[in-house]
1. Would you be able to tell me the number of residues in segment 38-49 that are touching a helix residue (DSSP H, G or I) at 6+ places or on another chain (Cβ under 7 Å) and closer than 20 Å to Gln13 by Cβ?
2. Surrounded by 15 or more Cβ atoms within 10 Å (Cβ to Cβ) and without any contact (Cβ under 8 Å) to a residue 24 or more places away in the chain: which single residue out of Leu26, Leu36, Leu32 fits that description?
3. Looking only at segment 255-265, filter to residues that are in contact (Cβ under 8 Å) with a residue 40 or more places away in the chain and in a helix (DSSP H, G or I); which one of those is surrounded by the most Cβ atoms within 10 Å (Cβ to Cβ)?
4. Would you please list the contacts, defined by Cβ atoms under 8 Å and residues six or more apart or on different chains, that run from a residue in segment 87-104 that is in a helix (DSSP H, G or I) to a residue that is surrounded by fewer than 22 Cβ atoms within 10 Å (Cβ to Cβ) and of a type in the set (Gly, Ala, Ser)?
5. Quick one: in segment 105-116, of everything that is touching a residue at least 40 places away in the same chain (Cβ under 8 Å) and either touching a strand residue (DSSP E or B) at 6+ places or on another chain (Cβ under 7 Å) or under 15 Å from Asp130 (Cβ atoms) (or both), which residue is surrounded by the fewest Cβ atoms within 10 Å (Cβ to Cβ)?
6. Name the pairs whose Cβ atoms lie under 7 Å apart, with the first residue in segment 180-191 and assigned by TED's automatic domain parsing to the domain that holds Thr221, the second assigned to a loop (DSSP other than H, G, I, E, B), and 6 or more positions between them or separate chains?
7. Of all the residues that make up segment 50-80, how many are assigned to a helix (DSSP H, G or I), over 17 Å from Arg128 (Cα atoms) and hydrophobic (A, V, I, L, M, F, W, C)?
8. Condition (residue is within 18 Å of Gly261 (Cα to Cα), assigned by TED's automatic domain parsing to the domain that holds Ala6 and modelled with pLDDT under 90) applied to segment 61-71: is it met by at least one residue?
Amino acid sequence: MNINRALNNIISQAYLEAKSRKHEYLTPEHMLFSALNADEGKVMISTIGGSPGRILKRLEGFFSDHMTTVESSEPIQSVSFKNVMERAFLHVVSSEKPEMDLGDVLASLLQEKDSFAAFFLMKEGITRIDILDYISHGASAYGENEDKFEEEFEEEGEREPSAKPKKVLEAFTVDLTDKAVRGEIDPLIGREDVLERTIQVLSRRLKNNPVHVGDPGVGKTAITEGLAQLIVDGRVPKTLQDYRIYALDMGALLAGTKYRGDFEERLKKVIQELLKLEKAILYIDEIHT
């Protein structure tokens, strides 16, 4: 397995960092510390929406409070460090990539749930799927260029984590109510009975997930769009007023997925974001197939 030059340098610096601090073990925290002192790591984390400076300060605190020093000058790889590298290796092999890079390691590190390194990244709102999206699409996935984040890095300091440049719902769903507001939905003709029944099911307290079954092209999506139009027009029961309907964009959800479980993680992230909203309906086209 080939490791690209940048990652090789980061691993070497992580080892030297542990050695210079006289730490007994080489850990994922040393790896993250080294990554965030490298240009590639700074740009990646900044682009995704985290603060490298804030994470580095937390890592310094971790080294002071949780790492013991020993006389031995040769750090030993910890179990967690080995787990991170082995997972990254398996991911690279399964995706048939020619070499392992920093993104592969950070994606693996975020699966090491009991590590402080993963905790510090998640505290910034960074998830494994964010890293995988960056691997697949680079800075363009976040609507910003890398130079901008490099310029802003020195000023980030103690800023609180902000909303990510690219919203999950904007990336993987289409807001049908927004389309209705813009007049982009055609009138629904002849399906009023199905639409009325859909509203009845959605208004239930339990078992409120309607499924429209039928061959492709018979008008299942049109029913959902019709509901979005009724919501915008205020012609729905009080229980559905002010709701927004999000249609899952299956193409965007699948685009760039390389690792096993990527699709499931993206879908889970979409659902998590929808749960944060008080009034949201998720529409999944062809779910019955």
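The values are calculated or read from the model by the stated rules, or taken from the named source; none is laboratory data. All figures in this text were calculated on a predicted structure; none of them were measured in a lab. Using ideal geometry, Cβ is built from the backbone for each residue, glycine included, and neighbour counts are taken over all protein chains shown.
1. 8
2. Step by step, each of Leu26, Leu36, Leu32 is checked, and only Leu36 is surrounded by 15 or more Cβ atoms within 10 Å (Cβ to Cβ) and without any contact (Cβ under 8 Å) to a residue 24 or more places away in the chain.
3. Filtering first and then ranking leaves Asp262.
4. Sorted first by the residue in segment 87-104, then by its partner, the pairs are Leu102/Ala6; Leu102/Ala38.
5. Ala107
6. That search, which allows pairs on different chains as well, returns Arg191/Gly219.
7. Summing the residues that are assigned to a helix (DSSP H, G or I), over 17 Å from Arg128 (Cα atoms) and hydrophobic (A, V, I, L, M, F, W, C) in segment 50-80 gives 5.
8. So far as segment 61-71 goes, no, none of its residues is within 18 Å of Gly261 (Cα to Cα), assigned by TED's automatic domain parsing to the domain that holds Ala6 and modelled with pLDDT under 90.
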